[in-house]
Amino acid sequence: MRRVLVTGGSRGIGACIAAEFAALGDRVAVHYSSNESLAREVLASLPGDGHCMVGADLKDPVAVKFMVDDAAAQLGGIDVLVNNAGVFFDHPIESSTYEQWQQAWSDTLGVNLTGAANVTWCALQHMPKHGQSRIVNVGSRGAFRGEPNSPAYGASKAGITAFGQSIAKSLAPLGIAVTTLAPGFVDTDMAAELLNSPAGDDIRNQSPFNRVPTPTEVAKAIVILASPDMQWASGAVLDFNGASYLRM
């Protein structure tokens, strides 16, 4: 039984990640930013016992530390961290005001990159050393193909990829492996409006499978990367986009 902290666990991919770990018999801390009621629903749906929920705005470093310490206290430590929480705002450079531009960069990097980095530092304080702890970061194919309507998102996901590879080297002597999953579009409630619009077919056609994955498929891949048997994958970035974007 492992002790797992999942950020952004109150909906979509995060909720599925929590469910997959719980189904394996792990104890899960479900993090939420503002929607406590959704987090409570996810918590109630998890199989097994010993789970908990913890809240924090990841842009607030003080709240982050309190949240992680709270999760560790309730779980009795942290063996697996999944940095899943993320935000996405449209802010094309050619049409955004300077104020919109600044706000989008501040909010996006604050959650997707700096927030994840702070969660990781705090979680490390509670991870067994010389054990089989795992850190899995949720990146994006946008880190590699570019995000013209949300350049801060693309930059944040490129940053989290580099961050993961950097700490993979730092934490290997402690037996901690770090990997990154880089999905494309996923069939979540947040993407439903776009996928159900006229643009939906174009998005699905980006993959030769002519579809987008379910959140459960993404969650299962994360569980595999967090496996005790996957130490030698540390530093790796797994493209998970159904061959919709290929890179060397």
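A few comments on the model shown:
- Each residue in the stretch 79-93 was checked for being surrounded by fewer than 19 Cβ atoms within 10 Å (Cβ to Cβ), touching a Pro at 6+ places or on another chain (Cβ under 9 Å) and not β-branched (Val, Ile, Thr), and 1 of them qualify.
- Residue selected from the stretch 150-176 under the condition buried (at least 23 other Cβ atoms within 10 Å of the Cβ) and hydroxyl-bearing (Ser, Thr, Tyr), by the criterion farthest from residue 237 (Cα to Cα): 153
- Flag for residue 18 being of a type in the set (A, V, I, L, M, F, W, C) and surrounded by 24 or more Cβ atoms within 10 Å (Cβ to Cβ): yes
- Condition check for residue 34: free of Cβ contacts under 8 Å to residues at least 24 places away in the same chain and either of a type in the set (Phe, Trp, Tyr) or on the phi < 0 side of the Ramachandran plot (or both): yes
- Only one of the numbered conditions (1) exposed (fewer than 15 other Cβ atoms within 10 Å of the Cβ); (2) part of a strand (DSSP E or B) is not met by residue 25, and that is (2).
- The listed residues are 42, 68, and the only one of them that is out of contact with any Cys (no Cβ under 9 Å at 6 or more places or on another chain), in a helix (DSSP H, G or I) and either without any contact (Cβ under 8 Å) to a residue 12 or more places away in the chain or within 20 Å of residue 138 (Cα to Cα) (or both) turns out to be 42.
- Just one of the listed residues (126, 91, 130) is of a type outside the set (Ser, Thr, Tyr), at pLDDT below 95 and more than 17 Å from the chain's Cα centre (by Cα), and it is 130.
Here is a yes/no grid of residues against (1) modelled with pLDDT of 95 or more; (2) over 30 Å from residue 1 (Cβ atoms); (3) surrounded by fewer than 14 Cβ atoms within 10 Å (Cβ to Cβ); (4) charged (D, E, K, R):
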{"position": "135", "(1), (2), (3), (4)": "yes, no, no, no"}
{"position": "141", "(1), (2), (3), (4)": "yes, yes, no, yes"}
{"position": "178", "(1), (2), (3), (4)": "yes, no, no, no"}
{"position": "188", "(1), (2), (3), (4)": "no, no, no, no"}
{"position": "230", "(1), (2), (3), (4)": "yes, no, no, no"}
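- Taken over the stretch 200-220, the criterion of being surrounded by fewer than 19 Cβ atoms within 10 Å (Cβ to Cβ) and assigned to a helix (DSSP H, G or I) is satisfied by 200, 201, 202, 203, 204, 205, 216, 217, 220.
- Summed over the stretch 170-199, the residues that are in a helix (DSSP H, G or I) and hydrophobic (A, V, I, L, M, F, W, C) give a count of 6.
- Output for the stretch 134-169, where each listed residue is part of a helix (DSSP H, G or I) and of a type in the set (A, V, I, L, M): 143, 152, 155, 158, 160, 162, 167, 168
- Filtered by the rule that a residue be among the small types (Gly, Ala, Ser) and touching a Phe, Trp or Tyr at 6+ places or on another chain (Cβ under 8 Å), the stretch 43-60 gives 55, 56.
- Total residues in the stretch 45-65, condition out of contact with any Gly (no Cβ under 7 Å at 6 or more places or on another chain), assigned to a helix (DSSP H, G or I) and in contact (Cβ under 8 Å) with a residue 24 or more places away in the chain: 3
- The condition (being surrounded by 20 or more Cβ atoms within 10 Å (Cβ to Cβ), more than 13 Å from the chain's Cα centre (by Cα) and free of Cβ contacts under 8 Å to residues at least 12 places away in the same chain) is satisfied by just one residue among 147, 193: 147.
- Test: residue in the stretch 21-31 that is farther than 19 Å from residue 86 by Cβ, in contact with a helix residue (DSSP H, G or I) (Cβ under 8 Å, 6 or more places away or on another chain) and not β-branched (Val, Ile, Thr): yes
- All of 9, 14 fail the test of being in a loop (DSSP other than H, G, I, E, B) and touching a strand residue (DSSP E or B) at 6+ places or on another chain (Cβ under 6 Å), apart from 9.
The values are calculated or read from the model by the stated rules, or taken from the named source; none is laboratory data. Since this is a predicted model, take the numbers as computed values, not measurements. Every residue, glycine among them, receives a Cβ derived from its backbone with ideal geometry; neighbour counts consider all protein chains shown.
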